[in-house]
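One structure below.
The values are calculated or read from the model by the stated rules, or taken from the named source; none is laboratory data. Since the structure is predicted, the reported quantities are computational estimates derived from the model, not experimental observations. Please note: Cβ atoms are built from the backbone with ideal geometry, for glycine as well, and neighbour counts cover all protein chains shown.
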Amino acid sequence: MLDLRFSEDELERRREHITAFIRDQVDAAGTGGAVLGLSGGIDSTLVASLATEALGPENVYGLVLPARVSSEGNMSDAERVAQDLEMSYDVIEVEPIVDALLSAYPEAEGDHVAVGNARARVRGVLNYLVANHESRMVLGTGNRSEAAVGYFTKYGDGAVDCHPIGNLYKAQVRQLARHVGVPEDLAAKTATAGLWADQTDEDEMGVSYETLDSILATHVDGPLSVAATARLLEIDEETVEKVRGMYEGSAHKRQVPPAPEPLD
């Protein structure tokens with residue numbers, strides 16, 4: 001696979017660039033700080049680490065938002081991250097709100113995708129409820145790999161004010177996390193969106209992050225054809241085409257909702 005790792009100098013440049021970006025976004029919005037959801041995973045842990053560095057821990061507020069399907073280990077890790085970074089946080093149960101939605105529309109019960117996306121959207125609503133009340137902005141925790149293939153919930157974890165690590169592939173997220181001192185057990189943790197039981201990102205996407213990152217960098221974001229990418233990475237063309245299809249099929253998630261062209 002392609003080696004997407006940064007040099008030590010580049011890692012430090014990225015760290016400084018992202019922390020400056022967070023400060024600039026908060027200053028431009030005229031808010032008093034930031035709110036973000038803490039999942040116990042590497043993406044939210046890295047964003048929390050960079051945000052507390054950029055703004056001071058007193059100006060970053062975390063929300064741990066467990067649902068019925070959430071891993072106790074992940075939720076415990078989320079609280080550990082907040083405590084280690086000395087930032088304030090709250091734990092708010094998501095499931096009672098999801099249950100209220102299902103009582104209003106019981107036809108969706110048992111549809112794990114629809115209910116999982118509802119959980120993500122409830123988390124987004126809670127992030128903004130706190131952000132509005134505290135006059136803060138919502139920081140996203142999505143990375144470049146997930147954004148490219150639409151592996152996020154529209155108006156859920158995609159409903160944020162900015163994406164501090166949105167230009168980093170997953171491998172680069174892990175590398176930068178280690179560079180800024182994130183504990184290895186968190187940096188190496190298996191990624192999951194936590195939308196239903198036993199979910200993992202790679203199982204759901206059907207491709208490893210290592211392969212996904214490499215295809216994105218060489219073919220989707222890069223100049224190589226499907227055939228050339230498959231030869232370079234020593235994988236089959238069907239895998240490259242699958243990732244390309246995921247990218248094209250999720251374009252609507254990365255765009256402002258469309259409106260008709262103006263009439264003459």
Worksheet entry | Long-range neighbours under 6 Å by Cβ, at least six apart or interchain, first residue buried (at least 24 other Cβ atoms within 10 Å of the Cβ) within segment 28-43, second part of a strand (DSSP E or B) and among the β-branched types (Val, Ile, Thr) | ALA34/VAL60; VAL35/VAL138; LEU38/VAL64
Discussion item. I need the full set of residues from segment 67-84 which are at pLDDT 95 or above and surrounded by fewer than 19 Cβ atoms within 10 Å (Cβ to Cβ), in order please.
Written reply: SER76, GLU79, ARG80, GLN83, ASP84
Worksheet item: Of the residues VAL60, VAL113, VAL64, which single one is within 21 Å of ALA159 (Cα to Cα) and surrounded by fewer than 22 Cβ atoms within 10 Å (Cβ to Cβ)?
Response: VAL113
Item to complete: Tally the residues that are without any contact (Cβ under 8 Å) to a residue 60 or more places away in the chain and either touching a Pro at 6+ places or on another chain (Cβ under 7 Å) or in a strand (DSSP E or B) (or both), restricting the search to segment 61-91.
Response: 10
Fill in: Residues of segment 155-185 that turn out to be among the aromatic types (Phe, Trp, Tyr) and under 23 Å from VAL220 (Cβ atoms), as a count
1
Worksheet item: Does VAL94 satisfy the criteria of being buried (at least 21 other Cβ atoms within 10 Å of the Cβ), closer than 20 Å to VAL125 by Cβ and in contact (Cβ under 8 Å) with a residue 12 or more places away in the chain?
Response: yes
Practice prompt. Please specify each residue of segment 1-33 satisfying the condition of being out of contact with any Asp or Glu (no Cβ under 8 Å at 6 or more places or on another chain) and among the polar types (S, T, N, Q).
Written response: SER7, THR31
Worksheet item: Exactly one of (1) assigned by TED's automatic domain parsing to the domain that holds SER44; (2) free of Cβ contacts under 8 Å to residues at least 40 places away in the same chain; (3) part of a loop (DSSP other than H, G, I, E, B) is unmet by PRO258. Its number?
Response: (1)
Worksheet item: What is the one condition in (1) crowded, with 17+ Cβ neighbours inside 10 Å; (2) modelled with pLDDT under 95 that ASP198 does not satisfy?
Response: (1)
Practice prompt. Evaluate the following for SER145: is it over 14 Å from SER44 (Cα atoms) and touching an Asp or Glu at 6+ places or on another chain (Cβ under 8 Å)?
Written response: yes
Item to complete: Could you tell me whether any residue of segment 172-190 is touching a Gly at 6+ places or on another chain (Cβ under 8 Å) and either surrounded by 17 or more Cβ atoms within 10 Å (Cβ to Cβ) or without any contact (Cβ under 8 Å) to a residue 60 or more places away in the chain (or both)?
Response: yes
Worksheet, complete the sentence: Reported set for segment 2-52 where residues are acidic (Asp, Glu) and either closer than 20 Å to GLY181 by Cβ or assigned to a helix (DSSP H, G or I) (or both) is GLU8, ASP9, GLU10, GLU12, GLU16, ASP24, ASP27, ASP43
Practice prompt. Among residues belonging to segment 163-192 that are assigned to a loop (DSSP other than H, G, I, E, B), modelled with pLDDT under 95 and touching a Ser or Thr at 6+ places or on another chain (Cβ under 8 Å), point out the one that is farthest from MET137 (Cα to Cα).
Written response: THR190
